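Report on one structure; see the data block that follows.
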2 protein chains.
Amino acid sequence: MKHTDYHDVTLEKFAGEGAKGAGIRWLVGERDGAENFAMRMIELEPGGHSPCHSHPGEHEIFVWRGSGELMVDGKNYILEPGIAAFVPEGIEHQFRNPGEQTLEFICVIPLNK
Amino acid sequence: MKHTDYHDVTLEKFAGEGAKGAGIRWLVGERDGAENFAMRMIELEPGGHSPCHSHPGEHEIFVWRGSGELMVDGKNYILEPGIAAFVPEGIEHQFRNPGEQTLEFICVIPLNK
């Protein structure tokens with residue numbers, strides 16, 4: 001059992017290649033006993049972005065705060081609070097924040113890939 | 001790929017035994033191509049609750065709107081926007097909304113259990 005305000009989970013810098021102004025909070029993960037999937041809060045500062053990449057393992061996302069855009073396979077989709085999205089595995093994608101407020105979204109990934 | 005405002009996903013009545021004033025929106029599930037886990041938005045009307053039950057399959061939750069409480073193994077935890085929680089499988093739990101506003105929370109479950 002875990003119960004926490006997400007602000008109390010450490011915001012770790014995401015320093016992977018191609019990332020800028022990106023951070024991650026592991027809300028529920030392996031260290032909490034989760035075995036199948038993990039829930040993270042991703043934060044992108046204004047002007048920030050994730051790497052543009054593809055990988056095994058899908059994303060299920062839900063936007064919490066701010067706005068931005070999600071590029072999937074060359075198409076852009078708007079991100080704003082209340083938007084849910086599914087990015088299947090193996091498809092090129094990138095999260096970007098061209099706005100003036102931090103973009104925060106829930107991103108769930110499988111733990112077995 | 002799926003991209004939607006969560007309001008555009010049908011709110012289905014959750015009519016299981018022990019549930020009251022409960023609804024569910026399948027934001028990402030098997031019909032969208034998800035194979036490992038599903039993201040749902042659960043809604044509990046004021047005075048509503050989920051069944052008090054245990055089952056295989058964990059919950060990873062994140063509160064979006066409203067407030068309420070989560071009982072896990074006889075202990076009560078507050079639910080309000082920004083709270084994340086992990087309910088391991090096989091533990092008795094119940095979501096309740098004693099408040100005056102609809103409680104809405106993301107609830108992710110495995111699809112293989």
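The values are calculated or read from the model by the stated rules, or taken from the named source; none is laboratory data. Since the model is a prediction, treat every value here as computed from it, not as a measurement. Heads up, the Cβs are rebuilt from the backbone with ideal geometry, glycines too, and the neighbour counts pull from every protein chain shown.
Residue count for region A:72-100 under the criterion of being in contact with a Phe, Trp or Tyr (Cβ under 8 Å, 6 or more places away or on another chain), hydrophobic (A, V, I, L, M, F, W, C) and more than 17 Å from B:F37 (Cβ to Cβ): the result is 3. Mind listing whichever residues of region B:1-17 are in a loop (DSSP other than H, G, I, E, B), farther than 15 Å from B:T102 by Cβ and either at pLDDT 95 or above or of a type in the set (S, T, Y) (or both)? Answer for region B:1-17, where residues must be in a loop (DSSP other than H, G, I, E, B), farther than 15 Å from B:T102 by Cβ and either at pLDDT 95 or above or of a type in the set (S, T, Y) (or both): B:M1, B:V9, B:T10. Checked against (1) within 11 Å of chain B (Cβ to nearest Cβ); (2) surrounded by fewer than 19 Cβ atoms within 10 Å (Cβ to Cβ); (3) within 17 Å of B:T4 (Cβ to Cβ), A:E35 passes all but condition (3). Just one residue in the set B:E43, B:E100 is outside any loop (DSSP other than H, G, I, E, B) and either modelled with pLDDT of 95 or more or touching a strand residue (DSSP E or B) at 6+ places or on another chain (Cβ under 6 Å) (or both); that residue is B:E43. Looking only at region B:38-58, residues that are within 14 Å of chain A (Cβ to nearest Cβ), farther than 14 Å from A:I106 by Cβ and out of contact with any Gly (no Cβ under 6 Å at 6 or more places or on another chain) come to 4 in all. So for region A:19-38 (the condition being in contact with a His (Cβ under 7 Å, 6 or more places away or on another chain), part of a strand (DSSP E or B), among the basic types (K, R) and at pLDDT 95 or above), does at least one residue qualify? Yes, that holds for at least one residue. Among the residues of region A:95-108, are any more than 30 Å from B:M71 (Cα to Cα) and within 13 Å of chain B (Cβ to nearest Cβ)? The answer is yes, given that some residue of region A:95-108 is more than 30 Å from B:M71 (Cα to Cα) and within 13 Å of chain B (Cβ to nearest Cβ). The set of residues from region A:65-81 being touching a residue at least 12 places away in the same chain (Cβ under 8 Å), more than 8 Å from chain B (Cβ to nearest Cβ), of a type outside the set (D, E) and assigned to a strand (DSSP E or B) comprises A:R65, A:G68, A:M71, A:L79. Of all residues in region A:46-62, those satisfying the criterion of being part of a strand (DSSP E or B) and either surrounded by fewer than 20 Cβ atoms within 10 Å (Cβ to Cβ) or more than 13 Å from the chain's Cα centre (by Cα) (or both) are A:P46, A:G47, A:H53.
Checking each residue in region A:84-107 for being more than 13 Å from the chain's Cα centre (by Cα) and not polar (S, T, N, Q) picks out A:P88, A:E89, A:G90, A:I91, A:E92, A:P98, A:G99, A:E100. The set of residues from region B:64-87 being within 22 Å of A:F105 (Cα to Cα) and either polar (S, T, N, Q) or at pLDDT below 95 (or both) comprises just one member, B:S67.
Among the residues of region B:1-56, how many are aliphatic (A, V, I, L, M) and free of Cβ contacts under 8 Å to residues at least 12 places away in the same chain? Result for region B:1-56: 2.
For region A:63-87, the set of residues classified as farther than 18 Å from A:G21 by Cβ and surrounded by fewer than 18 Cβ atoms within 10 Å (Cβ to Cβ) consists of A:D73, A:G74, A:K75, A:N76, A:Y77, A:I78, A:E80, A:P81, A:G82, listed by residue number.
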